[in-house]
Amino acid sequence: MRSEPPYKDLYIYQLDGVPSENLLPKNPFFLGCWKEDDFSFLFFSIPSVEAVDRCLSGLDGVSLVESYQMSYEEWQGGQVLVPMEAGPFLLHPYWIDVKPKRGVIRVPLDPGLVFGAGFHPTTRGSLEALSVLWNLDPSETVLDLGTGTGVLAIAAAKLDTSGRPNSVVAVDINPLCVETARRNVEINQLQGRIHVVEGSAEEYVAEPADLVVANLHYGALQALMDCPLFYEKKWAILSGMLRSQGDDILRRLGSQAVEVVRYWDDDPVWRTLLMRRI
Ligand code: SAM
């Protein structure tokens, strides 16, 4: 087992435009492509100007805007990734070996370059909400909207040793998140139970499930709450909202046939809630 992260220095090239999948560099130093609106970011583990030039030479209308270099810790918001307890879970980078206490659920992760290593208060709030819900009413089917690393989908699938939930659909709009979540599903050997798909929360909320988990930015949460099918789920966990956004969401839920079972407001900034259909 290695104890060093596989990521050290990151070399990031910002492009105006998005190269198609088949033109992306194919060398071991290429870590992935992050797409955001009309821009994309190519990540490498070594300086790669030539590889980027080669990729751009086949493309019309895509150009290099800027390049950046930073450490993996800087990319992770200044955090050195270490094992972390969250509710009944022990999340840890897959390259660090851990010996959990009895009853603790181990979740090894390759956080890669995407959100969901486990230290963010919204991830932790959602993990706690999952374990509270499991003591009330374990779900058979789960929909994780905005899965990032896949952390919540994997945690849900590991909560129960009886094979519940038997199906988890994990959705992300960002292809790099989809790739990362699939890798983590494999690391946790849950390929049969978790299906990771690329798509938007608004589109996939139509998927039948007992529980929907959504740790999303406020705009995406609002779009979700405009979908009537969202309110048909038996249970929902919402996170990703700031204090005032949480107040607004509570107001909006007040006019729906739902009950907020628990509202986590102990973090100074972030809010998480667990609700059920009535
Ligand atoms: N679920 C992980 C966690 O709890 O740590 C990651 C949450 S992160 C705050 C939100 C994720 O939602 C990102 O991976 C982002 O790519 C994705 N996302 C943003 N807007 C989305 C949308 N409209 N539909 C689906 N996924 C979206």
> Quick one: of the DSSP bridges fully inside the chain, what percent are antiparallel, nearest 5?
Replying inline: 60
> Can you tell me the Rg and the Dmax, both Å, for the Cα atoms in the chain?
Replying inline: 19.4, 59
> Which aspartates and glutamates have a Cα less than 14 Å from the Cα of Lys99, not counting those fewer than 8 places away in the same chain?
Replying inline: Glu85
> Comparing Arg182, Arg243, Arg54, which has the greatest mean-square fluctuation in the GNM of the chain with Cα pairs linked when under 10 Å apart?
Replying inline: Arg54
>> List the lysines whose Cα sits under 28 Å from the Cα of Lys234, skipping any in the same chain fewer than 8 residues away.
In response: Lys158
> Each residue of the stretch 153-169 in turn: what ³J(HN,Hα) in whole Hz from Karplus with 6.51, -1.76, 1.60 and θ = phi - 60°, glycine and Pro shown as x?
Replying inline: 4, 5, 4, 4, 5, 9, 5, 10, 8, 8, x, 9, x, 7, 8, 10, 10
>> With every protein chain left in place and a probe of 1.4 Å, what is the accessible surface of Lys8, to the nearest 10 Å²?
In response: 120
>> Quick check: at a probe of 1.4 Å, how many percent of the accessible area of the chain sits on carbon and sulfur atoms?
In response: 50
>> Of Gln69, Val260, Thr180, which is farthest towards the positive pole of the chain's charge dipole, taken about the Cα centre with +1 and -1 on the beta-carbons of Lys, Arg and Asp, Glu respectively?
In response: Val260
> Asp9 to Arg243: FRET efficiency via 1/(1 + (r/R0)^6), r the Cβ-Cβ distance, R0 41 Å, to the nearest 0.05?
Replying inline: 0.70
>> Given a 1.4 angstrom probe, what's the average accessible area per residue across the stretch 162-212, in square angstrom?
In response: 44
> What share of all Cα pairs of the stretch 2-97, in percent, falls into each consecutive 5 Å distance bin?
Replying inline: 2, 12, 20, 20, 15, 11, 9, 6, 3, 1, 0
> Of Phe39, Phe89, Phe115, which is the most mobile in a GNM of the chain whose springs link Cα atoms less than 10 angstrom apart?
Replying inline: Phe39
>> From the phi angles alone, apply the Karplus equation (6.51, -1.76, 1.60; θ = phi - 60°) to the stretch 60-68 and give each ³J(HN,Hα) in whole Hz, x where the residue is Gly or Pro.
In response: 9, x, 10, 9, 7, 9, 6, 10, 9
> With charges set only on the Cβ (+1 for Lys and Arg, -1 for Asp and Glu), what does the dipole of the chain come to about its Cα centre, in debye to the nearest 20?
Replying inline: 1180
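Would you work out the relative contact order for the stretch 49-135, in percent, from Cα pairs under 8 angstrom that are 6 or more residues apart?
Values: 72 pairs, mean separation 18.2, N = 87.
Taking the mean separation of contacting Cα pairs over the length of the stretch 49-135, I get 21 percent.
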> Taking Lys35 as the anchor, which lysines have their alpha carbon closer than 18 Å to its alpha carbon, excluding any fewer than eight residues away along the same chain?
Replying inline: Lys26
>> Per residue, how large is the accessible surface of the stretch 1-153? Use a 1.4 angstrom probe and give square angstrom.
In response: 48
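The values are calculated or read from the model by the stated rules, or taken from the named source; none is laboratory data. Nothing here was measured: the structure is a model prediction, and the numbers come from that model. Methodologically, a virtual Cβ is constructed for each residue, glycine included, from the backbone with ideal geometry; neighbour enumeration extends over all protein chains shown. Note: areas computed on protein heavy atoms with side chains; ligands, DNA, RNA excluded. Shrake-Rupley method; radii C 1.70, N 1.55, O 1.52, S 1.80 Å.
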